[in-house]
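Read-outs: derived from the displayed coordinates by stated rules, not from any lab. All values reported here derive from a predicted model rather than from experimental measurement. Heads up, the Cβs are rebuilt from the backbone with ideal geometry, glycines too, and the neighbour counts pull from every protein chain shown.
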Ligand SMILES: Cc1cc2nc3c(=O)[nH]c(=O)nc-3n(C[C@H](O)[C@H](O)[C@H](O)COP(=O)(O)O)c2cc1C
């Protein structure tokens with residue numbers, strides 16, 4: 001295989017050799033996240049889909065594809081109408097519910113009935129109500145083309161999906177640097193301090209996770225794998241479902257990460273299908289913790305210890321309060 005830069009090649013080959021590797025290569029392409037829904041025998045049916053794409057302006061057409069193995073396949077292949085709801089940055093929970101194997105995916109999801117009875121998801125940043133224009137074969141998927149009958153756009157940032165993770169669109173750091181050095185391009189600086197605390201927490205988490213990526217790469221593990229190791233350091237054994245809940249990644253991404261960690265012999269799986277850290281897993285988790293400590297020292301250098309203590313105290317209270325609330329909600 002000829003390669004431009006074989007030293008940095010992570011993986012490659014014929015797709016049939018390793019379908020998971022093929023999927024990871026495709027996952028390098030960033031997309032938005034949609035929920036596509038229809039009505040079938042009086043009930044809402046829907047899936048999370050990132051295969052959505054615009055197709056034509058005149059006539060107004062869009063397309064997406066659904067796996068033949070999907071439980072929703074027959075509903076969509078026979079549907080006269082469907083609605084595409086483009087999810088916003090705060091709708092990860094909706095994406096997770098609609099991509100789950102739950103029986104009633106629409107439970108706790110707010111929606112209204114649109115054209116042809118197709119569910120339109122509340123809080124989406126855009127919706128496209130369609131009639132089915134054409135259906136084409138697409139290997140293990142079918143391609144559905146919809147004619148847009150009604151479109152709506154709302155404010156908000158898009159939820160993104162790339163490299164197996166959810167994300168949000170942000171200005172590219174290179175452009176931000178340009179804006180600060182080029183007086184003509186200078187924009188009024190939005191003070192971070194004016195943002196709601198929960199937004200600050202989110203941004204802090206997002207940026208810090210991105211900055212720590214270099215260390216994960218050096219340890220040759222993904223973000224999901226590192227979250228799994230961290231969850232299993234806090235809990236000696238966890239079921240797959242509990243891991244999915246703890247790491248905030250899609251079940252598919254978690255399954256891939258679990259099987260890679262098992263392959264690397266970092267995990268043990270007991271007879272009840274619960275996972276725990278093996279000796280190799282504990283060593284890897286330890287090495288990441290060491291890197292994290294070093295990284296923290298660098299990041300917070302120059303901030304007085306008493307201020308760091310206050311930040312620690314506030315965060316611990318916030319997390320504790322939320323843990324209580326989540327436990328109560330789960331019990332309800
Ligand atoms: C971000 C994301 C994008 C997805 N995109 C698609 C897609 O384009 N087509 C598809 O068939 N499944 C896609 N899926 C998987 C389906 O959402 C999931 O398999 C399906 O909802 C399972 O339920 P079902 O069997 O009831 O259809 C995606 C999942 C996620 C998390």
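Structural remarks
- Temperature 10 °C, viscosity 1.306 mPa s: under these conditions the Stokes-Einstein estimate for the chain, based on its Kirkwood radius over C-alpha pairs, is 70 µm² per second.
- Candidates 296, 89, 14: whichever shows maximal mean-square fluctuation once the chain is modelled as a Gaussian network with Cα springs under 10 Å: 14
- The Rg/Rh ratio for region 31-160 is 0.92, where Rg is the radius of gyration of the alpha carbons and Rh is the Kirkwood radius.
- The stretch between residue 131 and residue 152, if pulled fully straight at 0.36 nm per residue, gains 6.0 nm over its current Cα-Cα span.
- Our Cα-only numbers for region 124-275 put the radius of gyration and Dmax at 21.2, 65 Å.
- Over region 203-301, the fraction of Cα-Cα pairs per 5 Å bin, rounded to whole percents and listed from the shortest bin up, is 2, 13, 24, 25, 18, 10, 5, 1, 0, 0.
- Placing a pseudo-label 7 Å from each Cα along the Cα-to-Cβ vector at residue 171 and residue 269 gives an inter-label distance of 4.7 nm.
- Taking label positions 7 Å along the Cα-Cβ direction at both residue 9 and residue 40, the computed distance is 4.1 nm, reported to one decimal.
- The calculated 222 nm mean residue ellipticity attributable to helices in the chain amounts to -12500 deg cm²/dmol, summing -39500 (n - 2.57) over DSSP H runs of n ≥ 4 and dividing by all residues.
- Note on region 1-60: Cα-only Rg and Dmax are 18.0, 56 Å.
- Counted residue by residue at 0.36 nm each, then reduced by the alpha carbon distance between them, the extension gain from residue 206 to residue 323 reaches 40.1 nm.
- Extended-chain gain in nm, criterion 0.36 nm per residue less alpha-carbon gap, residue 18 and residue 73: 17.3 nm
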